[in-house]
Every structure is written in structure tokens, then in C-alpha cells.
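The values are calculated or read from the model by the stated rules, or taken from the named source; none is laboratory data. Treat the numbers as computed from the prediction; the structure is a model and nothing was measured. Cβ atoms come from the backbone with ideal geometry, glycine included; neighbour counts cover every protein chain shown. Note: accessible area is taken over every heavy atom of the protein model, side chains too, but ligands, DNA and RNA are not part of it. Shrake-Rupley method; radii C 1.70, N 1.55, O 1.52, S 1.80 Å.
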Protein chains: 2
Amino acid sequence: MPEVIFYPDNIKIEVVEGENLLRAAMIAEVHINASCGGDGTCGKCRVIVETGEVEVLGRGKLTEAEIERGYHLACLTNVQGDVEVRVPVESQMGDSKILERERQIPAWGHFLSAPDVEVMATAWKHLSPTRKMFMKLPPPTIEDNLSDLERLRRELSRQISLKEVVIDPAVLKNLAVNLREKDWQITLTFLDTDDGTYLIQVEPGNATKKNYALVVDVGTTTVIAQLVDLSEGKVTAKASNYNAQISYGEDVITRIIFAGREGGLLKLQSAAVTTINNLLSELVRKAQIELQDISYMVAAGNTTMTHLLLGLDPKYIREDPYIPTISSVPLLKARDLGISLLESVYLYCFPGVASYVGGDITAGILGSGVFQSDKLTLYIDIGTNGELVLGNRDWLVSCSCSAGPAFEGGGIRNGVRATRGAIEQVRISRETLEPMILTIGQSKPGGICGSGLIDVVAELFLSGIINQKGKFNTELKTPRIRMGENGAEYVLVWAEEAGIGRDITISEVDLDNLIRAKAAIYAGITILTESVDVKIPDIERIIIAGAFGNYIEIDKAMIIGLLPEADSERFIFIGNGSLMGTRAVALSRALQKEAEKIARKMTYLELSVNPAFMDRYISALFLPHTNMDAFPKVMGMIREHRA
Amino acid sequence: MPEVIFYPDNIKIEVVEGENLLRAAMIAEVHINASCGGDGTCGKCRVIVETGEVEVLGRGKLTEAEIERGYHLACLTNVQGDVEVRVPVESQMGDSKILERERQIPAWGHFLSAPDVEVMATAWKHLSPTRKMFMKLPPPTIEDNLSDLERLRRELSRQISLKEVVIDPAVLKNLAVNLREKDWQITLTFLDTDDGTYLIQVEPGNATKKNYALVVDVGTTTVIAQLVDLSEGKVTAKASNYNAQISYGEDVITRIIFAGREGGLLKLQSAAVTTINNLLSELVRKAQIELQDISYMVAAGNTTMTHLLLGLDPKYIREDPYIPTISSVPLLKARDLGISLLESVYLYCFPGVASYVGGDITAGILGSGVFQSDKLTLYIDIGTNGELVLGNRDWLVSCSCSAGPAFEGGGIRNGVRATRGAIEQVRISRETLEPMILTIGQSKPGGICGSGLIDVVAELFLSGIINQKGKFNTELKTPRIRMGENGAEYVLVWAEEAGIGRDITISEVDLDNLIRAKAAIYAGITILTESVDVKIPDIERIIIAGAFGNYIEIDKAMIIGLLPEADSERFIFIGNGSLMGTRAVALSRALQKEAEKIARKMTYLELSVNPAFMDRYISALFLPHTNMDAFPKVMGMIREHRA
């Protein structure tokens, strides 16, 4: 991996080839002025590339003379090899003193890039639930005049000794034509289930190589779909989009309420299906395959998403004692839900554990191999709810923390989802209290997304702008701290640099919401560990799942007390764990059975009725935590920064 | 049964109570003038009721004086008990001589009325494929927080030791609400199949008594449906209507051709489904039940009708080597075909034997118990095709004779289907050569239906108007015999008595068609018996199935050589055998298995490639047959009549 050295700080960092220089500086904690989010318009992130190869995306307002002297805009420069970069004083925004801190905790743990994590579970055989087989039948005569189907049954028995096979009615539709089209040479698609073998498709000729599965993670916000080549065992196309249900409510509770309205359930179901169908079209186009090449579908979602996809009223999910209609889902025909796959294609829906620990979590535990590991693992999926699983191959215990939508930008005045223009990384200069921001897509900032919010809280705290309770130190001399509509606030982006025509701020009310959200998750972790009588240092592995998780910087998350303090080596970012699980069961029927076992064996703790939870929650309403002994490194950092 | 004595002939006949006097005379071979078909307008069928009770439907043009003397119009008079009736001379249309013939062969064999024949198969246990069961579940709590479905599964295992049950996805839809509506008291509907037990419905409260099956005979012309009460084991409502496919073609061949046209198959499929759905609505209304009370559906039809109902292209049924797509049909969801039953209701379709011996015949063999009888039985179903089965409990051999649509009125100038106004019975006076006719619904004659055609041919032959080859004796002195557009013809009804504004005639061309049709069937019977080396007198039972069969008079059918000559005691009329079979499998899963066995074990003879068939056919192109030794009684009758 290329190494970037930042002068005059002399801070070294390894980055992936093609990494953006501004992002590299951000991760290295090297402060560079950057107020436009990285789109090249503010022209403040000027750096001098002294040696090494870079890719120049643009020059912005740099003069010819500056260009000649090696000036680049960091946000428009990508690393192509080892690079030495000097940050001129003006780009540090008048910092009189050079920053001399180093990361006590690396920002990232093991970040697994997509090819590594198609499936993390190990020791499974690639044997998909659906398989294709080529066969020749003897043509009929007046003497051998069995019907087409009986002839096929006879040959299945004769040629491959398959006597018990359930014929899917959809197979009959064009059976006569399909058998005759290539002179009684056909490709059969079988689906193996616990209830027996199903014949689900008969195609003319040899189509054995064309066997794909559609796998879908049905998220409350985003639906992600992939096409898995079942013969090659790999992903051939990817697509994602917002869950169209969003127009009926942002979170699961709002949708459950909407589902109770006249026609509401149907609208939500159709919205999910429409989203999936659009992704399906996109995948088929991208992969240049035919719809009939898809023989299987796997979906995972939280319990409410699963209910809505299946058209089941989720009403009782939010009424004490919180009982879903279904946890383990029978094999269904995708078409019966309105999904535009062939009539005979079945859908496997991941089983959930409880109303608030759904199939997406089961899928994550499966795909990430937690269920088969000796290592005591904490699996964290942070979204609107924080779902937590603690365990190993022998036991699994789970809970869901009503974190609220803060980390998805909900309830935060300038909170936004992780879309283009969302501020995803933030640094605040300890000296000038000026911010450095980076946005998704490096475009004009429009708000702050989850990872940016974690950064903001951590940086406000480290720079002494807020105290342990999240209250502002209004004594500090900077125009960025002021009284706003919701009390004290910090201006992260001035209106003229923002893409929304007004200041982007973070207020005490926002901070309160964020602290409550992080406290809920940390309290959940505490309850889980206590329930099985282990200590946080006993946790050998912490798996962070969810697209959002990928952008969390561990150290910042620890500083605010969202994640427990632990050695960075123990962290693994797996991206979308749910999708990993869907791939796993598309490729292996044995893993599908494991998924059912996981859901059955996982213990669920209902925190809302747990008397200890409120106590642990209140203890966590501080930065990083009331019990500072649990955060020795963080406390060291704070002391150093405050010094 | 009431006895009717006709004077002056002194002919006695037993009839069912309520029998019409004109029909009684017809069966008794007592000639009464009747040219209007029985609707009371011609006023010619005047009789005197001397003793006994009758129901008077009308008086027509009878004068007060006549009424006082006991005059009745036979067609408007029904028998209510033993009756003595005098036929005045004028009503015999100037017959100078009293008819002195008696029936050598009774017109009817064993006519089984509907209640007797719900199912003729014996020794089966009433154990329907679907059954209902009442159950109470313990309500959930925070501690016992299984999902609704898992709770149900657990209780199935605990309370009735049912561990392996396939949950139909449709059950999930309102499961949450259904469980809670009557405080966790529910009625479960199970479907037992060879692949296991399916849970197909969960209703609130106790609905165990409400369990019905929809059974349907899908005929090419008529679709007949019944509602079977599965707990009581009896039919609760009946309905029938034309198959709406008729608008796309009258017979199976025309429909197969239409199915090959753009969109044709779909139109035919929809037409069948629409017909069934309309009948379903009618049945539900008549029986005053709810749609959800119907838990099962059974259908039987010929192979083409089955294919069209299932949406399968019947193309190869009419192409050498005549291979249907399907003979044994997997259990299907009725809703998948468009039938308006609950989503979870399965349809059992009777298995066929070959392209021209379909599920309706299998159903008939099942329902009539032929498959379990020691008696050598000939089963005859005459429609457009004549399907024949010969056999007993040990073996069954079948064939189909392309009789053409003559007996359904097709290809006959004045041929009509058996609807209101169709002439269904005919007598011709040996002396005057004047006809006596009776129409369906006793309304103005509009044409001649199958049974009427058989009568016409037999009567023309017996009265010497036509010879053995079906050619007219134009020497006879009656205005009714004349030269028409199609050569010689006989006028059965004059235009002024007809409901269609023109004479109703039967021509040599018509006769030719009828003789070819009967020859095909008789040749089929011959081939069947020869194939297993039995003689016609060895046949112990002849079962006539099909609504049409009910109106055939055996003796007339023997006279024209359509049926083999046999003792009338050997004949059994069972009405709709196909429907009888559908009721059988709705009531007994064991019989459903028998149906599959029957279809598998039945041998099919393809007559179109049978070298002996043409020879037997040509021999049968005479009245009654070239081989007169096979028809000794008929020959005796002919000699007597001609004398």
C-alpha cells in the first residue's frame, strides 16, 4: 500500500491506491483547511506534493505560478504511490503551532474489502439450493405414448434414480414446447428442500451454466441487491436504492403505524416489491443475463421489513409483549409477493429472533461466521436500532437498543442520511477551533451523516468545546460557538460554503439526542456482557456491520463511548453483514440450515422490560462514560488534548 | 311407483310420481298426436283421465264441455298416483288400427336417481383430503415470546404431536389477527397429501363444521359444479352452465386450433375459469356459506379441457403421436389458475389416460366403482367423442371413437344441443307415418338433440321409411317424405308448429352422419372386446355415463346399432360419472390415490392407427349392423314391424 508522509508534521500513513489526499490527511489527523466538503470550490486545502505520483482531478483556483511550485488542492488529488506532501502554513488556517499528536488508536480495524467478504463463514460446501442438470429424453411414439410429464418422470427415475420429485406447476406451462425445441434435450432446475426435491424449471438445450440467485438486503432505508452466479460462486452484479417505503415513514415504528391505516399495508408491501423489482431489472441488465437464469432468491431484513415484504401486518411487533407473526419463514414463491422473477422461483427469507432482532442479524451472524467461531465475539449493527449479538459457536445472546434515528441523521437539525454532500468526516483544530470537513462525493455540504456526527461529538469534546455532559463552553473565543434557536450551538459550515443556503450547525439539543443514542447502545453492550457474566476485555472480536459501520472511525466512536474501548486489532468491519448472509445461503443449502439453527438458538433479551437497563443507560449518558475506568486510553487522549 | 294404464291399448307402465302423461305415453310406445313438442299450444294430445289423481298444469284450448267429460291435454298433465287414461281416436291421428305392440326391450335399464349415486364406489372411508380441527393456544408473554407461527408450531407438536407440517404462506396473512380475535381459540384446516400435511387455514373460533369442497366437471359444452359438505359427506348445492369457451369453438379440435392463435390459449383458459367462478358464486349463494368455508377443489375434464383449464397448450394432443403435456396433474393452487377460492385452496385435477381418454373418464371409472368390481363392465360416455372403457377390478382397457359431434347435434341440419325446445323423444306411427314428438321443457320445437336423433333414426327404420343403409323409401305415400336441398328428407315438424319458422327435417345426409357416428362407437366396442378376447354377451354390465346418456332409450340405441344388444337389466345409467368421481375424491383421500392408480393401469388403444378399426367400422355402417346375428332381438322387432 502507498505511504503518504505529511510535512511538516512528519506523519506517515498507509492508504489504498487512489485514496484522496484530503481524506488521507483527515485519517492521519493532519489538519488542512477544507470547508467546502471537498468539491474544490473553496480552494483552501492547498498542499505541495514534493515527491511521488498523484492523479490530478482538477486545479480549482490555483495560479500558474502555484501549480509550477507543486501546489495541489488536496481534495482534487488522489494518491498513486508513495507520496511526500507538505501542508503550507496558510492551509493550516493560521495555526501557530504545528500539531504534534499521533493517533493513539488507529482509525480503522480490519477493513475487509468486498472480494474478501463474499462469505466469512468457513468450512461449507458450495452446494446451492438450486442446481441445473442436462438430460436427453427418448421422443414419444404411438407405442411409447406417455404424456410429456410422465415421460420426464420416468427418465428422472431411470437416468438419475430420482423417484420422488415434486413438479412445480409452473414447469408445465411450456413443457411441451420446451421438450421439443431442442429435440428432447433439456436442462432441468431442481430445488432441494427439507420437504424434498422440486423440479422448478425445464429449459430447452443445455443451460446448465446459467444459474443465478438474486440476494437482497431489505433495509429500512436502503435496499441492496446482488446477483450471485451459483455455478461460479461469485457476485456478478450489484445494485442498491432507497427503500421506496421511505415516503410512508422513515423508521420502522412510523411504518408499522402506517401499515395500520386503510390500505397502508398493501402500499408498504408494494413499495418494497417495486424497489426490489427495479433493482432486479438493473442487475439483469448489468449482468447481461435472462430473467429465467435466476433460479433462487434470498432476502434478509429486520423483522418489520420482513413482515412488510410478506404483506404481514406488523402491528403486534410494537405492542407488549412484542410478538411478530413470524420468525422462521416458510419457503415462498417470489412471484406470490409480486416480485418479477419466474413463477417457479422460491424465496428464502432469513429467520428472525424476535420483533427487534430480525433476519438481517441472523444473516450477519451466519455470513460473518460468528456462529462457528471459538472467539467470543460482539456483533454490532448500528442503524435506527442498534442490534447487538454476543457469543460464539456455543451460545448467542442478542438485544436491540432503541437508539433512535440519531445516527441516521434523524432528530438532528442538520442530520442527513449518508448521501452525496453529507459531511462524513470532521476534524476540529484544537488551536483555532476551526473545522475540517469531508463530504460524501466531495460535494457541497448539505448536512451531517452518522459517521460525521460521531466525529463532531468526539472532536467538540476533545477540543474542549463541549464537556462530558455535552454542554457547550460558551466562554471560548470563536464565532463558531453561538446561541441559536435550540440554545448553544457550533457552526460547522457557514452558509456561504454550504449547499443549503444556511449555516450547518450542531446544537446542544442535537448533542443530547446523540448522547442518548450512544448511551442506549453502550448500555445494551453492558447488559449483554453482564447477562452472560463476561467483561468487555474478554471480548476477543468486535464485528461492526452495516454500511454505516464502514465509515465509523473506531477511535472517535470510543471517545464518545459508543463503542467499548478495545484494541483496534479486535475490530472487524464487514460492511453489509446481512447481504453476506444472503450470499452464504444462496451458495450453500447447509448454511441455510445453519441460519435456522442460529435463529432458534439465539437468546433474546428484551431491554424495555429489563430493570438493569435504565441504570446502565443513565451511566452511559456521559462522554465517554460515567465509569471512566472502562476507557483508560480515551481518558489519556482527553488529558493530552486538554493539556 | 304409480302405474299408468293406457286404453284402448291396455298398455301398462310404471312411472315416477310427477311424470308427464305425454312422456309416459311416449315411453309406453302409445301413440298420441303431439306436434308442438309438449307446450300445450297444438291441443292435439287430448286424453281422457278415467280414474286416478293427476296434476293439471293447464287446459289449453279444451272446451268446458270437454273438461267436464274428463279431457286433459297429456302434455299439461302430470301423474300423481295410479291413473287410467283413454286415448281417443282423434288423438291417434286417424289411426284406424290400434297399436298392438309392446316393448320387446324396456326403454330404461337401472336409472339411478341423483341421491343414489353420490358415489357408487364402495368400501371407502369418509376421510377427506382436508380436515378441520379446533385448538386453543396459550397467549404469549414477555417470557414466552415465540412468534405467532412458532407458537402455533409448538402447540401442534405438543397438543397433537404434529411435528412435520408445511405452513402454507397464505396462512400467515392474517395469522396475528386470527389468533387474537377469539382469544387464541382457533380452527385449523389441514390438507393431507403424499408429500406431507399442509396447514392451509387458521380461522378464529370454532369453524370445524364449515368444511366444503367445490367439485367441477369441466365439459366441452357444459360445466357442472357442486358443493360437497365434507363433514356431512353430501352435496349441498348444484349449478351448471355452458362452458364459455363455446364462443371460441364447439368441439375440442376447434379449440385446440384456436389455442394456437395469438392469445388464444389465454382466452380459452380465462373462459373456463370465468365459467367456474360464476358457478362458484352461485353455489356459495345457494348454500349460504362463506368462500372461506371451501377448503378443497376437485375438477375433472377430458384431456383438452384439463389442458386448457391449466393454461397448457393442447397442440400436441392432435398431432401424431398424440401426446398430452400431462396426464397425472400435481396438486395446484386453484387461485393460481384464477379461480376465486381462498389463496390456500388446492385443486386436484383428475389424471387422464391419453390424449383422448381424459380425467373425466378416470373419474367415471372411479366414481362408478368399475375399478373395484368383479363384473366385466363396459363403460360408455357418449359426447362428441365416444369414450369407452372395458374391464373390472383387475384390468381396464380404453379407447376413444371420433364419433363426431352428430349426437350433440353437430353436422345435422336441424341438430341442436339438449336445450329448451330440443326434440328429445320421437315416435312415428307405423300406419300413418305421422310423428309424435316431445321437447325439452315441453316448449315449441327448435331442433333435434342427441336422444331425439337416435329415436328418429330408429323410428324411421322401424316404420320402413329408411332402409338398412339409411336411404329413404320415396315410394311411401306421405307428404312428410320429400326431396329437399340435401336429397330425400322426412319432415318431423311443419313450419307452423316449429319455433324456428321453418320445417324441422331429417335428411339422408343427416342420416349418413348419424350412422357414421354410431358405427364409430360400435366399432370401438368391438375393438375393445376383441383386444381382450371377450364376446359382447360376456359383458355383465353396461354403464352409460354422461348427461346425454340419461335420455337415450336403450332399445332405440340398440335398434340403430349404437349400443350392443344386451339384456336391459345389464344397463345402468349413472348420469354424470365424471362428477360422481369428483365427489368421491373430495370425500376420500384413499379414493384419490385409487384415481391415480386407475389412470396408470388403464390401457389405451389408439384406434386411428389400429388396422382392424376401419374394417369393424365399415361393418357397422348398417342399421343395426352388417352382422345381424349380433342383434337377434332387434331383428325380431324389425321383422314384426315390417310385417
Ignoring everything except DSSP H segments at least 4 long, calculate the 222 nm mean residue ellipticity for chain B; use -39,500 (n - 2.57) per segment, divide by total residues, nearest 500. -8000 deg cm²/dmol
The answer for A:Leu162, listing residues at least 5 apart or on another chain whose modeled amide H is closer than 5 Å to its amide H, is A:Ser157
As a test of the definition: with a 1.4 Å probe, what buried accessible area, both sides summed, do you compute for B against A, in Å² to the nearest 100? 3200
Here the correct list, in nm and shortest first, of distances from B:Gly81 to the same site in the other copies, label points 7 Å along Cα→Cβ, is 12.2
Of every Cα-Cα pair in region A:567-643, the percent that sits beyond 14 Å: 78
Heavy-atom accessible area per residue, region B:280-385, 1.4 Å probe: how many Å²? 26
When N is the residue count of region B:201-302, what does its C-alpha Rg come to as a fraction of 2.2 N^0.38 Å? 1.24
Rounded FRET efficiency, nearest 0.05, which uses the C-beta distance separating B:Leu162 from A:Asp629 and R0 of 35 Å: 0.05
Chain B Cβ-axis minimum, rotational copy A, residue and distance in Å: B:Asp195, 3
Taking a crude spin-label model, label points 7 Å out from Cα along the C-beta direction, the B:Glu53 to B:Thr478 distance in nm is 3.9
Give the carbon-plus-sulfur fraction of the accessible surface of the protein assembly as shown in %, rounded to a whole number; probe 1.4 Å, heavy atoms of protein chains only. 48
Restricting attention to the alpha-carbon atoms of region B:136-227, what are Rg (one decimal) and Dmax (integer), both in Å? 16.5, 62
Exposure ranking of B:His31, A:His126 by accessible area [1.4 Å probe, largest first]: A:His126, B:His31
For B:Thr236 and B:Asp394, what is the calculated FRET efficiency with R₀ set at 30 Å and r taken between the beta-carbons, to the nearest 0.05? 0.25
Report, by chain and number, residues whose modeled amide H sits under 5 Å from the one on A:Ser373, excluding near sequence neighbours (fewer than 5 apart, same chain). A:Arg393
Entries of B:Lys238/B:Lys375; A:Lys136/A:Lys210; A:Lys173/B:Lys518; A:Lys173/B:Lys597 with Cα pairs more than 28 Å apart: B:Lys238/B:Lys375; A:Lys173/B:Lys518
Per-selection metrics, region A:398-520 (Cα): Rg and Dmax in Å: 13.6, 46
Binned Cα-Cα distance frequencies in chain B - 10 Å width, integer %: 3, 15, 23, 23, 17, 10, 5, 2, 1, 0, 0
In the neighbourhood of B:Val15 defined by beta carbon distances under 12 Å, the net charge of the other residues (Lys, Arg +1; Asp, Glu -1) is -3
All alpha-carbon distances of region A:467-570, grouped into 10 Å bins from 0, give the whole-percent distribution 13, 34, 29, 17, 7, 0
Pseudo-label separations to other copies for A:Ala123 - Cα-to-Cβ vector, 7 Å, nm: 5.7
Taking 22 Å as R0, compute the FRET efficiency from the Cβ-Cβ separation of B:Val16 and B:Val89 and round it to 0.05. 0.15
Mind listing which trypsin sites (Lys or Arg not before Pro) in region B:156-263 are in a DSSP loop and have 13 or fewer other Cβ atoms within 10 Å? B:Lys163, B:Lys209, B:Arg261
Given a 1.4 Å probe, how much area per residue of region B:156-201 is accessible, in Å²? 43
Give the value in nm², to one decimal: projected area of the alpha carbon convex hull of region B:257-306, averaged over all directions. 4.3
For region A:17-22, in residue order, the Karplus 3J(HN,Hα) values (coefficients 6.51, -1.76, 1.60; θ = phi - 60°; whole Hz; Gly and Pro = x) are 4, x, 5, 6, 5, 5
In percent, what relative contact order does chain B have, based on Cα pairs under 8 Å that are 6 or more apart in sequence? 15
C-alpha center-to-center spacing [region A:478-557, region B:539-606] in angstrom: 81
Go from 0 up to the bin containing the longest alpha carbon distance in the protein assembly as shown, width 20 Å each, and give me the % of pairs per bin. 10, 29, 24, 17, 11, 7, 1, 0
Which residues of region B:329-362 end up with at least 30 Å² less accessible area in the presence of all protein chains than when their chain stands alone, using a 1.4 Å probe? B:Pro330, B:Leu332
For A:Asp533, solvent-accessible area (1.4 Å; no DNA, RNA or ligand), Å²: 130
In vacuo Debye scattering of region B:186-245, one point per C-alpha: log10 I(q)/I(0) at q = 0.19, 0.22 Å⁻¹? -0.83, -0.91
Over the C-alpha atoms of region B:252-390, what are the Rg and the largest Cα-to-Cα span, Dmax, in Å? 16.2, 50
Name the residue farthest towards the positive end of the dipole of the protein assembly as shown from the options A:Ile276, B:Trp395, B:Ile361, assuming +1 on Cβ of Lys and Arg, -1 on Cβ of Asp and Glu, about the Cα centre. A:Ile276
Extension gain, B:Thr141 back to B:Ala123 (0.36 nm per residue minus Cα-Cα distance, nm): 1.5 nm
Which whole-number percent gives the relative contact order of region B:286-432, counting Cα pairs below 8 Å spaced six or more residues apart? 16
Rounded to whole Å, give me the distance from the Cα center of region A:154-181 to that of region B:238-308. 26
If amide H atoms are modeled at 1.01 Å from N in the peptide plane, then the residues at a separation of 5 or more from B:Ile542, or on another chain, having amide H under 5 Å from its own are B:Leu378, B:Phe571, B:Ile572
Say a paramagnetic label sat at a point 7 Å from the Cα of B:Glu431, along Cα to Cβ; which residues of region B:477-518 have their backbone N under 19 Å from it? B:477-480
Simple spin-label model, 7 Å along Cα-to-Cβ: A:Ser247 to B:Ala495 in nm? 6.9
Once phi is turned into ³J(HN,Hα) by the Karplus curve 6.51 cos²θ - 1.76 cosθ + 1.60 with θ = phi - 60°, what whole-Hz value does each residue of region B:49-64 show in order, with x for glycine and proline? 7, 7, 9, x, 9, 9, 9, 9, 8, x, 10, x, 9, 5, 7, 3
The simple spin-label model distance between B:Glu569 and B:Asp615, using points 7 Å out along Cα→Cβ, in nm, is 3.5
Per-residue ³J(HN,Hα) for region A:440-446, Karplus 6.51 cos²θ - 1.76 cosθ + 1.60, θ = phi - 60°, Hz, x for Gly and Pro: 5, x, 6, 10, 4, x, x
Please state the charge dipole magnitude for the protein assembly as shown, taken about the Cα centre, from unit charges on C-beta atoms (+1 on K and R, -1 on D and E), reported in debye and rounded to the nearest 20. 120
Between copies, how close do the B:Asp629 label points come, placed 7 Å along Cα→Cβ, listed in nm from shortest? 11.8
